[in-house]
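Q: For reference, the structure I am asking about is given below.
The values are calculated or read from the model by the stated rules, or taken from the named source; none is laboratory data. Since this is a predicted model, take the numbers as computed values, not measurements. Neighbour counts run over all protein chains shown; Cβ positions are idealised from the backbone, glycine included.
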Amino acid sequence: MVANRLPVDRVEGEDGELLWRRSPGGLVTAIAPVMQESDGAWVGWHGATGEELPPFENENIHLIPVPLDDEDFELYYEGFSNSTLWPLYHDVIVPPEFHRTWWDNYKKVNKRFADATAKVANKGATVWVQDYQLQLVPKLLRELRPDLRIGFFNHIPFPSPEIFSQLPWRRQILEGLAGADLVGFQRTADASNFLRSMRRYTDRTVKGSWAIPPAHLDGSASTRNICRAEAHPISIDTAQVAELAHDPEIIARAKQIRKELGNPKTVLLGVDRLDYTKGLRHRLKAYGELLADGELVVGQTCLVQVASPSRENVERYAQLRDQVELMVGSLNGEHDTMGHTAVRYLHHSYPLREMIALYLAADIMLVTALRDGMNLVAKEFVAAHTDNSGMLVLSEFAGAADQLTQSVLVNPHDIDGMKSGILRAVHMDPLESSRRMRRMRRHLKEHDVARWSDTFLTALSQPLPVDTLV
Ligand SMILES: O=P(O)(O)OC[C@H]1O[C@H](O[C@H]2O[C@H](CO)[C@@H](O)[C@H](O)[C@H]2O)[C@H](O)[C@@H](O)[C@@H]1O
Ligand SMILES: O=c1ccn([C@@H]2O[C@H](COP(=O)(O)OP(=O)(O)O)[C@@H](O)[C@H]2O)c(=O)[nH]1
């Protein structure tokens, strides 16, 4: 497994001691259980800059750290990955920036990951590269180690060719990905966007889900390096979430959370990295209008919004924090009473057990992303409600909308539509909500993260249908 992040981050404790903390985000949530069951190694960055660490074990996973220095952090991680690719791939919600120095460093760091992987992979091994930070690794790795079988999974959306074409290095990125035998995406639309760009910007021929390099000069067909693109929607460890949801301590904690909120009739919940893709401002606007209209009343309703810190030095993230905190302050100023609050805003990151307690404490989960690869929070909320209580309000622009079709689907750009969606969820007949939650939970039981990785790895191991392709 090769990913920008290892499952743990190196952080400093209060007394300056060095500690390991679980890394943020859904990629780690999904990959960690898969790797705990495997005897492979995980190559990735350990979250701190300027130190080289030897390989080590953590929670039964063999970890191989790849170092990043301050310059890599600024140019490769905050720059090209999170200020060029991230906004470009998420519908240009904010304008992507294109800087040649960032691109140069992205190439350099991708090479470092490819070298580290080439060094540790056994002969003929399967290597699975994760996400947009490492799109050049498949090709670099194939050049170094033609014996490997290489898969790639893109956790975020892949944009339409019209948007992707803005990228000055679009051809190099596509060729980098095409080094993989199989490129997986969250949604069918992402896979077809990728194949359309392959057709438009490389010399490959696209046949169905295959991107085939040109024939050799002697006219013989080129069977090496044929790449296939498919949708493989990621999921969660459904059984683990359900098990934690039955843990008496966690159930007690959920009750305590509701009590501390003043036992309102309806608890709404949002849990997001503080990211402009998550639609936090749109959500707060809709909620604020429902309070102003008198459709929801403080004391009877409370919104708990967890906004976990993310990419804090990137300007757009710092701006978003200011905007969200201004909105929360103003909402609370206007609608709070002495005893009750409109929004309980928490700029923190919580461990899994507390996350499950929060899901259990909530009646309605609000996932209103403007664009999101999958959104595992939506799936975790449904899986945690093993009694089929509660309801999920879900943006149609999150990958999870393809699977959680029994949720209340909303377009977060349509504030009136979102307000009606929230009210529909709040007032839904319990028989109907319970039927919908049951169907979604059944889906998640069958389609968990183990099935995701099995299906992907099985597809990756299949031989090429050479006769039909060349
Ligand atoms: O590593 P960070 O920069 O701190 O960001 C955290 C992760 O965010 C993104 O998560 C995505 O993967 C999830 C699982 O597939 C998916 O549900 C979500 O929609 C995506 O946004 C990012 O893709 C990861 O690489 C980051 O580690
Ligand atoms: O305080 C927090 C906030 C989030 N998460 C986890 O982080 C993941 C977020 O994944 P998602 O796909 O929803 O979004 P991403 O952050 O990857 O864009 C989920 O597993 C959450 O349970 C967590 O452990 N603590």
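Q: So which residues in segment 14-39 are closer than 26 Å to Asp272 by Cα and of a type in the set (Gly, Ala, Ser), if there are any at all?
A: Ser23, Gly25, Gly26, Ala30, Ala32
Q: Looking at segment 1-55 only, could you name the residues that are under 29 Å from Arg149 (Cβ atoms), hydrophobic (A, V, I, L, M, F, W, C) and assigned to a loop (DSSP other than H, G, I, E, B)?
A: Matches in segment 1-55: Met1, Leu6, Leu53.
For (1) surrounded by 14 or more Cβ atoms within 10 Å (Cβ to Cβ); (2) modelled with pLDDT of 90 or more; (3) not β-branched (Val, Ile, Thr), each residue gets a yes or a no:
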{"position": "Glu12", "(1), (2), (3)": "no, no, yes"}
{"position": "Ser23", "(1), (2), (3)": "yes, yes, yes"}
{"position": "Val43", "(1), (2), (3)": "yes, yes, no"}
{"position": "Ala48", "(1), (2), (3)": "yes, yes, yes"}
{"position": "Asn58", "(1), (2), (3)": "yes, yes, yes"}
{"position": "Ile64", "(1), (2), (3)": "yes, yes, no"}
{"position": "Asp70", "(1), (2), (3)": "no, yes, yes"}
{"position": "Leu75", "(1), (2), (3)": "yes, yes, yes"}
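Q: For segment 223-281, which residues satisfy the criterion of being polar (S, T, N, Q), in contact with a strand residue (DSSP E or B) (Cβ under 7 Å, 6 or more places away or on another chain) and within 16 Å of ligand 1 (Cβ to nearest atom)?
A: If the condition is that a residue be polar (S, T, N, Q), in contact with a strand residue (DSSP E or B) (Cβ under 7 Å, 6 or more places away or on another chain) and within 16 Å of ligand 1 (Cβ to nearest atom), then Thr277 is the only one that fits.
Q: Six or more apart or on different chains, Cβ under 7 Å: which pairs go from a residue in segment 328-357 that's in contact (Cβ under 8 Å) with a residue 24 or more places away in the chain to one that's away from ligand 2 (no atom under 16 Å from the Cβ) and of a type in the set (D, E, K, R)? Could you list them?
A: Listed pairs, sorted by first residue: Ala342/Asp336.
Q: Quick check on my filter: what residues within segment 127-147 are more than 16 Å from ligand 1 (Cβ to nearest atom) and part of a strand (DSSP E or B)?
A: Residue satisfying the conditions is Val127 alone.
Q: I've got another one for you. Among (1) in contact with a strand residue (DSSP E or B) (Cβ under 7 Å, 6 or more places away or on another chain); (2) closer than 30 Å to Gly208 by Cα, where does Val393 come up short?
A: For Val393, the failing item is (2).
Q: While we're on this one: Just to verify a result, which residue in segment 260-291, among those that are in a strand (DSSP E or B) and within 14 Å of ligand 2 (Cβ to nearest atom), is farthest from the chain's Cα centre (by Cα)?
A: Among residues in segment 260-291 that are in a strand (DSSP E or B) and within 14 Å of ligand 2 (Cβ to nearest atom), the one farthest from the chain's Cα centre (by Cα) is Leu269.
Q: Taking the conditions exactly as written (more than 15 Å from ligand 2 (Cβ to nearest atom) and either assigned by TED's automatic domain parsing to the domain that holds Leu291 or within 24 Å of the chain's Cα centre (by Cα) (or both)), does Val382 satisfy them or not?
A: Considered against the rule, which asks whether it is more than 15 Å from ligand 2 (Cβ to nearest atom) and either assigned by TED's automatic domain parsing to the domain that holds Leu291 or within 24 Å of the chain's Cα centre (by Cα) (or both), Val382 comes out as no.
Q: Next question. Please go through segment 304-345 and give me each residue that is under 23 Å from the mean Cα position of the chain (by Cα), hydrophobic (A, V, I, L, M, F, W, C) and more than 16 Å from ligand 1 (Cβ to nearest atom), ordered by number.
A: Correct list: Val304, Val324.
Q: Scan segment 96-126 residue by residue and report those that are touching a residue at least 40 places away in the same chain (Cβ under 8 Å), part of a helix (DSSP H, G or I) and of a type in the set (Ser, Thr, Tyr).
A: Passing the criteria: only Thr117.
Residues are listed down the side, and each one gets a yes or a no for (1) assigned to a loop (DSSP other than H, G, I, E, B); (2) hydrophobic (A, V, I, L, M, F, W, C); (3) touching a Leu at 6+ places or on another chain (Cβ under 9 Å); (4) in contact (Cβ under 8 Å) with a residue 24 or more places away in the chain:
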| site | (1), (2), (3), (4) |
| --- | --- |
| Glu295 | yes, no, yes, yes |
| Val304 | no, yes, yes, yes |
| Ala307 | no, yes, yes, yes |
| Ser310 | yes, no, yes, yes |
| Ala318 | no, yes, no, no |
| Leu326 | no, yes, no, no |
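Q: To continue, here is another question. Kindly indicate which of Ile150, Ile156, Ile93 is within 16 Å of ligand 2 (Cβ to nearest atom), buried (at least 21 other Cβ atoms within 10 Å of the Cβ) and outside any helix (DSSP H, G or I).
A: Values: Ile150 fails: within 16 Å of ligand 2 (Cβ to nearest atom); Ile93 fails: buried (at least 21 other Cβ atoms within 10 Å of the Cβ).
Just a single option satisfies the conditions, and that option is Ile156.
Q: Which of the residues spanning segment 28-76 are over 23 Å from Glu315 (Cα atoms) and within 16 Å of ligand 2 (Cβ to nearest atom)?
A: Val28, Thr29, Ala30, Ile31, Ala32, Pro33, Val34, Met35, Gln36, Gly44, Glu59
Q: Test Ile173 against the criterion of being within 16 Å of ligand 1 (Cβ to nearest atom), buried (at least 18 other Cβ atoms within 10 Å of the Cβ), β-branched (Val, Ile, Thr) and more than 22 Å from Arg204 (Cα to Cα), and give yes or no.
A: Here the answer is no, as Ile173 does not meet what is asked.
Q: Would you mind telling me which numbered condition in (1) within 19 Å of Gly79 (Cα to Cα); (2) more than 20 Å from the chain's Cα centre (by Cα); (3) among the hydroxyl-bearing types (Ser, Thr, Tyr) Thr126 fails?
A: (1)
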